[in-house]
Amino acid sequence: MKKTSIILSILFVLVSVTTTASAKTTFVSIGTGGTGGIYYPYGGGVAEIWSKNVKGVKAVAEVTGASVENVKLAHKGETVIGEVMGDVAVAGYNGLSKFKGKKHNILAMAIMYPNLLQVVTLKKSGITNIEQVKGNNISTGSPGSGTNFMAEAVLKALDIPLSSFKDSRLSFTESANALRDGTIKVGVWSVGPGTSSILDLSTTHDIHILSFTPEQTQKILASKSTYASVDLSGGIYRGVDKDVSTIGVWNVMICQKSLDTELVYKLSKALFENNDYLKKIHPSAAYTTPENTVKYAMVPLHPGTIKYLKEKGIAVPDKLMP
């Protein structure tokens with residue numbers, strides 16, 4: 001009996017090892033942003049959802065330089081998923097602006113939530129209009145980020161030369177610290193409202209978020225069809241009690257164009273059908289719906305996402321077909 005038990009145990013171990021060895025794990029890397037914004041915790045939540053709900057998938061959120069870098073990383077295959085501002089996705093897909101004529105092999109997978117441009121200064125600076133950045137040290141966001149992309153586009157639309165100020169190009173957390181220390185006068189964020197770095201800054205310092213005038217808004221919207229006029233609601237940050245007139249752009253989750261249709265179908269399904277969990281990570285995830293994806297996506301959708309949307313009875317417009 002002992003001999004038989006030993007043989008059976010050996011066979012069980014061998015079968016277990018063979019099964020484990022033959023099981024294929026697909027690693028999914030998600031390009032996010034810095035830790036002081038929403039991309040990183042949002043991406044971490046998505047990684048959890050996929051790792052728990054898609055068989056054979058192990059997903060991880062990577063800290064990156066954000067939107068512009070995420071398009072390049074997805075194109076090169078260093079990541080397979082990227083969180084990107086819509087205007088940057090359009091530029092990358094078409095090879096415009098910072099992508100210098102090179103079309104990148106990306107497609108949309110899902111709409112995430114809207115970003116709002118938040119131009120922050122301390123009340124004691126006396127700065128009340130974006131024109132006053134001239135001659136000052138500011139931060140338009142880290143190199144390769146969607147914030148830097150959007151800030152430069154807005155400043156150019158307002159005829160504010162990029163040479164008229166010193167740009168430190170800091171991350172969200174670094175910008176908040178630099179405002180605290182007085183090493184910059186203005187910091188720019190393009191992020192969902194209620195971001196941790198501005199919230200933390202507002203608890204220790206009196207902040208002011210610059211509003212755009214109607215004339216400034218008109219100039220900006222005329223220059224970029226992907227932007228919209230949006231109000232940042234008062235009461236989100238301490239001391240900012242009134243609505244702030246600013247500019248918004250939708251965030252999109254992109255993926256490599258070459259990704260397997262069945263894999264993207266499973267990832268899309270898990271993402272949309274576990275939205276309640278994602279909202280616990282950040283309330284902005286309430287915008288991450290199939291309906292918003294077909295309504296606000298700015299580049300064509302991946303066939304895997306299209307398969308899921310059709311399964312749910314949601315019509316996909318021709319402009320979003322790859």
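The values are calculated or read from the model by the stated rules, or taken from the named source; none is laboratory data. Source: prediction; values computed, not measured. Quick reminder, even Gly has a Cβ in these numbers, built from the backbone with ideal geometry, and neighbours come from all protein chains shown.
Looking only at residues in segment 231-259 that are in a strand (DSSP E or B) and not hydrophobic (A, V, I, L, M, F, W, C), the one that is surrounded by the fewest Cβ atoms within 10 Å (Cβ to Cβ) is 231. Candidates are the residues of segment 89-144 that are of a type in the set (Lys, Arg) and in contact (Cβ under 8 Å) with a residue 40 or more places away in the chain; the one that is surrounded by the fewest Cβ atoms within 10 Å (Cβ to Cβ) is 124.
Out of 190, 164, one residue alone is in contact with a strand residue (DSSP E or B) (Cβ under 7 Å, 6 or more places away or on another chain), on the phi < 0 side of the Ramachandran plot and of a type in the set (Ser, Thr, Tyr). It is 190. All of 126, 135, 144 fail the test of being of a type outside the set (A, V, I, L, M) and within 14 Å of the chain's Cα centre (by Cα), apart from 144.
Scanning for something surrounded by 22 or more Cβ atoms within 10 Å (Cβ to Cβ), more than 12 Å from residue 117 (Cα to Cα), touching a residue at least 60 places away in the same chain (Cβ under 8 Å) and touching a Gly at 6+ places or on another chain (Cβ under 9 Å), does segment 206-215 turn up at least one residue? Yes, some residue in segment 206-215 is surrounded by 22 or more Cβ atoms within 10 Å (Cβ to Cβ), more than 12 Å from residue 117 (Cα to Cα), touching a residue at least 60 places away in the same chain (Cβ under 8 Å) and touching a Gly at 6+ places or on another chain (Cβ under 9 Å).
Taken over segment 145-165, the residue count meeting the criterion of being free of Cβ contacts under 8 Å to residues at least 60 places away in the same chain, of a type in the set (A, V, I, L, M, F, W, C), within 23 Å of residue 229 (Cα to Cα) and in a loop (DSSP other than H, G, I, E, B) is 1. The condition of being under 27 Å from residue 180 (Cα atoms), within 24 Å of the chain's Cα centre (by Cα) and not small (Gly, Ala, Ser) holds for only one of 254, 247, that being 247.
Scanning segment 51-88 for residues that are more than 19 Å from residue 34 (Cβ to Cβ), of a type in the set (A, V, I, L, M, F, W, C) and surrounded by 22 or more Cβ atoms within 10 Å (Cβ to Cβ) gives 59, 80. Just so you know, in segment 281-291 the residues that are over 22 Å from residue 29 (Cβ atoms) and at pLDDT 95 or above include one that is surrounded by the most Cβ atoms within 10 Å (Cβ to Cβ), and it is 290.
Residues checked against (1) among the charged types (D, E, K, R); (2) closer than 23 Å to residue 256 by Cβ; (3) touching a helix residue (DSSP H, G or I) at 6+ places or on another chain (Cβ under 6 Å):
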position: 280; (1), (2), (3): yes, no, no
position: 283; (1), (2), (3): no, no, no
position: 300; (1), (2), (3): no, yes, yes
position: 317; (1), (2), (3): no, yes, no
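Screening residue 102 on (1) touching a helix residue (DSSP H, G or I) at 6+ places or on another chain (Cβ under 8 Å); (2) part of a loop (DSSP other than H, G, I, E, B) shows it passes everything except condition (1).
You will find that of 157, 108, 91, the residue that is in the same structural domain as residue 238 (by TED's automatic domain parsing) and of a type in the set (A, V, I, L, M, F, W, C) is 157 and no other. Residue 267 meets the stated requirement of being buried (at least 21 other Cβ atoms within 10 Å of the Cβ) and closer than 30 Å to residue 24 by Cα.
Each row is one residue, and each column tells you yes or no for (1) among the small types (Gly, Ala, Ser); (2) part of a helix (DSSP H, G or I).
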site: 30; (1), (2): no, no
site: 46; (1), (2): no, yes
site: 69; (1), (2): no, yes
site: 74; (1), (2): yes, yes
site: 87; (1), (2): no, yes
site: 91; (1), (2): yes, yes
site: 113; (1), (2): no, no
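For segment 166-185, filtered to residues that are crowded, with 20+ Cβ neighbours inside 10 Å, part of a loop (DSSP other than H, G, I, E, B) and of a type outside the set (A, V, I, L, M), the residue that is nearest to the chain's Cα centre (by Cα) is 171.
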